[in-house]
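Trainee: Attaching a single structure in structure tokens format; questions to follow.
What follows is calculated from the coordinates using simple rules that are stated; it is not laboratory data. Model, not experiment: these values are computed from the prediction.
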Amino acid sequence: MLSAASAAQFPPDRGREVAFAGRSNAGKSSAINAILKRRALARTGKTPGQTRLINFFEVGSDQRVVDLPGYGYARVGERERLDWATLAEGLRTRDCLRGLFLIVDSRRGVAEADEMLIDWADPGVRAVHVLLSKADKLTRSESDRALREAASKLGPRATVQLFSALRGNGVEEAQRVLRGWLGSG
């Protein structure tokens, strides 16, 4: 739909939006593509920091998915980090923002920056659902442990699930969450 470099470029604040956020290279774009069943809707790459703007994708009438730039990428300058923070704050104040998918690399677990983003989303106002991505790279026992630790750390602030865009694990569950937030049975 559009890529925004400033809040003034955002689409009108109506309908429903769901944002996807996470650390650089956690798999946000891959998650968006898998959940929406679109191969190359959101650009993916091995190099961290591919997404630099806030990208809005229209998925239905007055229904949008929002791809946020990754955070935690060291090679981005301080000015660009401040610009991203301003953009994110503009998104947070939108009435149409219904929920946040937080993509966390399952091998790394929920970090302090991830918890800060959950606080940013204000879980009392907006729902937060954590996708523990790249779960296909873990053994069954490692997956179970990662899920247990994340659920314990997040408590009632967010729901959490294992996810693999590569193998399709958890895609249907994430699609149900997205449909619920967008109000599209």
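Trainee: Express in nm, to one decimal, how much length is gained between Arg176 and Asp13 on full extension, taking 0.36 nm for each residue of separation and deducting their alpha carbon distance.
Mentor: Gain in length upon complete extension: 56.3 nm.
Trainee: Now for a different question. Which pairs, out of Lys28/Lys137; Lys28/Lys153; Lys37/Lys153, put more than 19 Å between their alpha-carbon atoms?
Mentor: Flagged as over cut-off: Lys28/Lys153; Lys37/Lys153.
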